[in-house]
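For reference, the structure is listed below as structure tokens.
The values are calculated or read from the model by the stated rules, or taken from the named source; none is laboratory data. Since we're looking at a predicted model, the values are computed, not measured. Remember, those area values only see protein heavy atoms, side chains included, never the ligands or the DNA or RNA. Shrake-Rupley method; radii C 1.70, N 1.55, O 1.52, S 1.80 Å.
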Amino acid sequence: MVHLSFIDIVLIVAYFASVVFIGFRASRKRKSDNDEYLLAGRTLTLPMFVATLVSTWYGGILGVGEYSYRYGISNWIVFGVPYYIFALVFALFLAKRIRATNLYTIPDKLEAAYGRRTALVGGVLTFFLVTPAAYVLMLGVLVQLIFGIDLTLSIFLATFITIIYLYNGGLRSDVWANAFEFVLMFLGFAMIVVFSYFKFGGMDFIRTHVPPLHLTWHGGNNWQYIAVWFFIALWTLVDPAFYQRCYAAKDGKTAQRGILVSILFWLVFDFMTTTAGLYARAALPVMSKPMLSYPLLAEAALPVIAKGLFYIGMLATIMSSLSSLTLISGITIGKDIVGRWKHAEHDSELVKRWTKIGLILSAVVSIALALLVPSVVNLWYTIGTCIIPGLLIPVLSSYFDRLKISPAYALGAMINGWFISTFSLIYGQMNLINGNPKYFFGVEPMYPGLFMALMWWGWGKLEKNDDVMQPLK
């Protein structure tokens, strides 16, 4: 497996200590109202906005390694291009609108547009959407590799270290830790690409040592499988981390420009991660656990100290997402579920108290899911497939008056979109043929969920138009 020197271990321990120190340091001498704890006082400048958004949105590094090892440059098509597209849509059409509302969360907007019931259901779906189980799993696997301890214990310890400073510091602690992690993730992956080039060679080495399909856009997958990942990338348009960062930006222009700059950083980072995955497949053609392709490539290509820094880069990539999503999960419980249920979502003390409880609950749920579904890609696929059809239509329509429908139809779109996609997924998993799920009519389960949500939206628009056309009495 992997062998880290004493110096590498010391560097990694120093990294953990530094993240915790930065997180606690950022929380000092700050007022404790909702604006500060939940949104860092709405003061994010462009550099901090970019650093926290880029690092938060790119946490699935072992999943990216797993996919690029299996399917090559298709990784860029599946986990890169669709996200650039929808991030661009978000920047151009949503970022300024979101900041202008001066709200806190997605369910806040759902309540303003469609009422409390829709907001409560939206809060529950949002909680599951941002539950960071995949990142808990990846971090636990890395800690197990580094220190050689049991996976379950690794998951508990790593999760605790990642979120401890959020308890008092909220978003400001998260943002400052993210900025530190942003630098380290780019440094780590730039290092492994450069060392792999000098160790193995350039594109000629990759071309002659990977399967031909690894250098095609589809990687050997059928078009429907590729297409469903484009639909999963719709996640971007309802991702609470995007909304939270926009709410926390100092103004709408900062939010919009920040997302546009972030797309460029994601493009560069995707180039490095895909290249590293191709090097792993070329240099290590037989691997029983592709999720470990990056650590094993580091074992083959990196010397002492460089290897420790690369591991720190991987840890930073994961921990930045884990801390941010756990915080958002806690806020969702504290403000959007408990606070709204008690009609006290503007009570700062109650929201903070339940947000802190929510941090613990989110960690527990994430750990349980990580142990039950030990595949990063499968976790992403399952959560995205089930939740996105329920949230997409109600959330997007709430920001555009021409797209709004009545509260009853918005709630119907949310519940039915979620239910149909989830039922289709469960049905397929219960009816396997040669290990592959048999979905209704061979259709990926997200599609019927999205179709049902669109149907409810369409019925709502027709009813609204009929009401407008009725003559006055």
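General observations
- Measuring how big region 200-354 is from its alpha-carbon positions, Rg and Dmax come out at 21.0, 63 Å.
- Cα centroids of region 77-120 and region 149-206: 27 Å apart.
- Between region 1-71 and region 331-394, the C-alpha centres lie 20 angstrom from each other.
- Based on protein heavy atoms only, region 121-179 ends up with 30 Å² per residue of surface accessible to a 1.4 Å probe.
- Volume of the Cα convex hull of region 141-288, divided per residue and given in Å³: 174 Å³
- Our analysis of region 412-460 gives Rg over Rh at 1.08, with the two radii drawn from alpha carbon positions and Rh computed by the Kirkwood formula.
- Max-minus-min Cα coordinates of region 106-224 on each principal axis give 59, 41, 29 Å, with the largest extent listed first.
- As computed over region 294-391, the Cα convex hull volume per residue (Å³): 131 Å³
- For region 186-256, the Kirkwood estimate of the hydrodynamic radius, built from every pair of different alpha carbons, is 16.3 Å.
- Solvent accessible area, Å² - TRP354, 1.4 Å probe, full protein context: 70 Å²
- Surface listing: LEU260, LEU450 arranged by accessible area from highest to lowest gives LEU260, LEU450, probe 1.4 Å.
- Mean accessible surface per residue for region 216-364, computed with a 1.4 Å probe while every protein chain stays in place, in Å²: 32 Å²
- Surface calculation, 1.4 Å probe, protein heavy atoms: LEU278 sits at approximately 10 Å² accessible.
- Ordering HIS346, HIS218 by accessible surface, largest first, gives HIS346, HIS218; the 1.4 Å probe counts only protein heavy atoms, with every chain in place.
- Each listed q (0.12, 0.13, 0.24 Å⁻¹) maps to a log10 I(q)/I(0) for region 1-96, found by the Debye formula over equal Cα scatterers with no solvent: -0.70, -0.80, -1.23.
- Per residue, the convex hull spanned by the Cα atoms of region 380-441 amounts to 83 cubic angstrom.
- Exposure ranking of ARG257, ARG402, ARG42, ARG70 by accessible area [1.4 Å probe, largest first]: ARG402, ARG257, ARG70, ARG42
- A straight Cα-to-Cα reach below 15 Å connects LYS307 with the aspartates and glutamates ASP8, GLU299, residues fewer than 8 places away in its own chain not being considered.
- Projected onto its three principal axes, the C-alpha set of region 87-143 covers 43, 30, 17 Å, listed from the longest axis down.
- Taking all protein chains as shown and a probe of 1.4 angstrom, PHE451 keeps an accessible surface of around 120 Å².
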